Amino acid sequence: MNISERSIKISGGLTDITLAKKGDKLAFERLIEEHKYIIYRVAKTRLHCKEDIEDVFQETIIKAYKGIIKLKRDEYFKTWIIRIMINECNILLRKRKEIAYIDNDIADNIKREDSNSNIEIFDLINSLEEDLKMVTLLYFYEDMPQKEIGKLLSIPNGTVRSRISRAKEKLRKIVKEQM
Amino acid sequence: MIEDSTLEKLIRDRISSEKMTFPEGLDKRINNVLRELPQVKEKTFPWTVIVAVAAFTLILITSSLLFKGMTKDNLLAVVKPPQSGSKILAASNEKLIKKYKSEGYIVDKNTVESAKIQGGTSNSDRIRAYVSLEELVAASDIIIQGEVIGVKYFDDSNYYTYTESKVLVTKSYNNKISTGEVVTFYESGGFTTKYNMILQSGAKEKFGDKYYEIGNTTPEEEEKAKSIIVYSHSYDGDVIMQPEDKVLLFGIESKEPIIQGTYYSKVGGFDGKFNIKDDIAKRNIPQGEFESSLEMTTKELSERLTDIVSKKK
């Protein structure tokens, strides 16, 4: 059972999402607990500073809590909260006018520094080019269908496919060297 | 060569065997936030929602009347004949207006004004405030007085809307630009589709319920929103430039690759723009900001700027 399925589990006839919509704080807390890893990983692919990640996480929780009552389709809770986090990251980056520079050598560096398989897949994904990170994260960590990724990130399905394909090429090289 | 399916399996196996770690500090912060969240009571009857929906519907009806049959593309195309601007530059203006109109710029003030739907609250993304002319001069690459002869709107990859304005220079204070030249400025805000506004961060202020698209709107609503044009306010609370505006601008050559070619952004957002009307120049400082509008006659402004620039040299 993945996180998404767990989050809409039935609890006394009602899902946590339904309960949270009715103002049940504990249900909302459970939802955050269940989704905190993906929210955190999403933030980590966009921001580098620990304090920034904490700030946007806090904003995401507050906005999700205030906005959950308006969520029309419960099954979209995960994509909805990820979208909130992405938007919060964008707001912060926009305020800072920060440009995320892509370091194409990071993946190579990781390979050199640790040639055994101790590196988390997330670190490998986070070392990919900016446009590949989020797609790959959602695809591998969340098993999110390509169509849903496209909708979440507002990019065409073809772009999702090509990004996953490019990411796989890069991951293939790294994995091959680790074997 | 590792097969695609093998690679996927390898990665997924590694992911499932990974120990899920979470920063302790962040966990504490989350718990604090969750603890402080107010208890939300279920509403018995949503009067506020009904009022908001009624207001929103009224706005939509008004806007649909204004934009009857209009899409973003034909909004840009439908323009009335330009009215004359500065008398001195009227002849050259006409040629330029024709040129920019053919390139898709909106050249008529009335088109833009009638299209305004609603502003909204804003968050400043300015780095700092510029309270005096001296500070503005010190920070500027160019200081020009001129007339806006055409504007164009576009969205970036994050659905933020920008306005690109062509400004015909009638006076240049630091001689980096010549009189008669046309310079390009870009500002946050402008026209976009309602769909893009929904996707954009900060749309909450405009659409209330429709903050985030996924889960919050039905596919039908999303489809419909693609053909509705709305005014996306500037994020620093500024009033964006419109055709025929007479302005005095403090510009910085922009390093951000938003549009092609050389273009400028205003020093300190709204701080770096004076609007000129009836020989009075003043800055439009949004409510809640502490800077002064520095209102004065254009003659006084011109003299003071000339003086400050000469001292700077």
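The values are calculated or read from the model by the stated rules, or taken from the named source; none is laboratory data. The structure presented is a predicted model; accordingly, all values stated were derived computationally and were not measured. Cβ placement follows ideal geometry from the backbone for every residue including glycine, while neighbour counts extend to all protein chains displayed.
Filter region B:25-56 for residues that are under 24 Å from A:Lys63 (Cβ atoms) and away from chain A (no Cβ under 11 Å); which is modelled with the lowest pLDDT? Walk me through how you get there before you give the answer.
Let us first name the residues in region B:25-56 that are under 24 Å from A:Lys63 (Cβ atoms), namely B:25-43, B:46-53, B:55-56.
Subsequent filtering for residues that are away from chain A (no Cβ under 11 Å) retains B:47-48, B:50-53, B:55-56.
Numbers: B:Trp47: 63, B:Thr48: 66, B:Ile50: 71, B:Val51: 72, B:Ala52: 69, B:Val53: 72, B:Ala55: 72, B:Phe56: 70.
Once the filter is applied, the top-ranked residue is B:Trp47.
Do you know which residues across region A:141-176 are among the charged types (D, E, K, R) and on the phi > 0 side of the Ramachandran plot? Please lay out each step first, then the result.
The initial filter retains those residues of region A:141-176 that are among the charged types (D, E, K, R), namely A:142-143, A:147-148, A:151, A:161, A:163, A:166, A:168-170, A:172-173, A:176.
Within region A:141-176, A:Asp143 is the sole residue that qualifies.
Can you tell me which residues in region A:31-59 are facing another protein chain (nearest Cβ under 10 Å) and closer than 15 Å to B:Asn31 by Cβ?
Answer for region A:31-59, where residues must be facing another protein chain (nearest Cβ under 10 Å) and closer than 15 Å to B:Asn31 by Cβ: A:Ile32, A:Glu33, A:Lys36, A:Ile39, A:Tyr40, A:Glu54, A:Phe57, A:Gln58.
At least 1 residues that are among the charged types (D, E, K, R) and over 26 Å from the mean Cα position of the chain (by Cα) in each: list the strands (runs of 3 or more DSSP E) lying fully within region B:264-307 that qualify. Step through it out loud before you land on a result.
Values: elements: B:264-266, B:273-277, B:280-283.
The strands (runs of 3 or more DSSP E) meeting that bar number zero.
What number of residues within region A:143-158 are at the interface with another protein chain (Cβ under 10 Å from one of its Cβ atoms), under 13 Å from the mean Cα position of the chain (by Cα) and not in a helix (DSSP H, G or I)?
Residues flagged as at the interface with another protein chain (Cβ under 10 Å from one of its Cβ atoms), under 13 Å from the mean Cα position of the chain (by Cα) and not in a helix (DSSP H, G or I) within region A:143-158 amount to 1.
One line per residue, one yes/no per condition, for (1) part of a helix (DSSP H, G or I); (2) modelled with pLDDT of 90 or more; (3) assigned by TED's automatic domain parsing to the domain that holds A:Tyr141; (4) crowded, with 16+ Cβ neighbours inside 10 Å:
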site	(1), (2), (3), (4)
A:Met1	no, no, no, no
A:Glu5	yes, no, no, no
A:Glu34	yes, yes, no, yes
A:Tyr40	yes, yes, no, yes
A:Ala43	yes, yes, no, yes
A:Glu54	yes, yes, no, yes
A:Lys66	yes, no, no, no
A:Glu75	yes, no, no, no
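Inside region B:5-24, can you point out the residues that are assigned to a helix (DSSP H, G or I) and more than 7 Å from chain A (Cβ to nearest Cβ)?
Taking region B:5-24 and keeping what is assigned to a helix (DSSP H, G or I), we get B:5-17, B:24.
Result: B:Ser5, B:Thr6, B:Glu8, B:Lys9, B:Asp13, B:Ser16, B:Ser17, B:Glu24.
Out of curiosity, is B:Asp155 on the phi < 0 side of the Ramachandran plot, modelled with pLDDT of 75 or more and within 14 Å of another protein chain (Cβ to nearest Cβ)? Can you show your working first?
Working: on the phi < 0 side of the Ramachandran plot: yes; modelled with pLDDT of 75 or more: yes; within 14 Å of another protein chain (Cβ to nearest Cβ): yes.
For B:Asp155, the condition - on the phi < 0 side of the Ramachandran plot, modelled with pLDDT of 75 or more and within 14 Å of another protein chain (Cβ to nearest Cβ) - is met.
Against the definition (modelled with pLDDT under 80, at the interface with chain A (Cβ under 9 Å from one of its Cβ atoms) and surrounded by fewer than 21 Cβ atoms within 10 Å (Cβ to Cβ)), how does B:Ser201 come out, yes or no? So that I can check it myself, show each step before the final result.
Details: modelled with pLDDT under 80: yes; at the interface with chain A (Cβ under 9 Å from one of its Cβ atoms): yes; surrounded by fewer than 21 Cβ atoms within 10 Å (Cβ to Cβ): no.
Against the criterion (modelled with pLDDT under 80, at the interface with chain A (Cβ under 9 Å from one of its Cβ atoms) and surrounded by fewer than 21 Cβ atoms within 10 Å (Cβ to Cβ)), B:Ser201 does not qualify.
For B:Ile59, all conditions in the list (1) at pLDDT 85 or above; (2) surrounded by 13 or more Cβ atoms within 10 Å (Cβ to Cβ); (3) not small (Gly, Ala, Ser) hold save one; what is the number of the exception?
Here B:Ile59 meets the rest and fails (1).
Table: residues versus (1) closer than 25 Å to A:Leu153 by Cα; (2) among the aliphatic types (A, V, I, L, M).
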| residue | (1), (2) |
| --- | --- |
| A:Leu19 | no, yes |
| A:Lys25 | no, no |
| A:Leu31 | yes, yes |
| A:Lys36 | yes, no |
| A:Ile39 | yes, yes |
| A:Lys72 | yes, no |
| A:Glu75 | yes, no |
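I'm checking my understanding of the structure. Among residues of region A:151-172 that are over 19 Å from A:Asn126 (Cα atoms) and among the small types (Gly, Ala, Ser), which one is surrounded by the most Cβ atoms within 10 Å (Cβ to Cβ)?
Checked region A:151-172; the qualifying residue surrounded by the most Cβ atoms within 10 Å (Cβ to Cβ) is A:Ser154.
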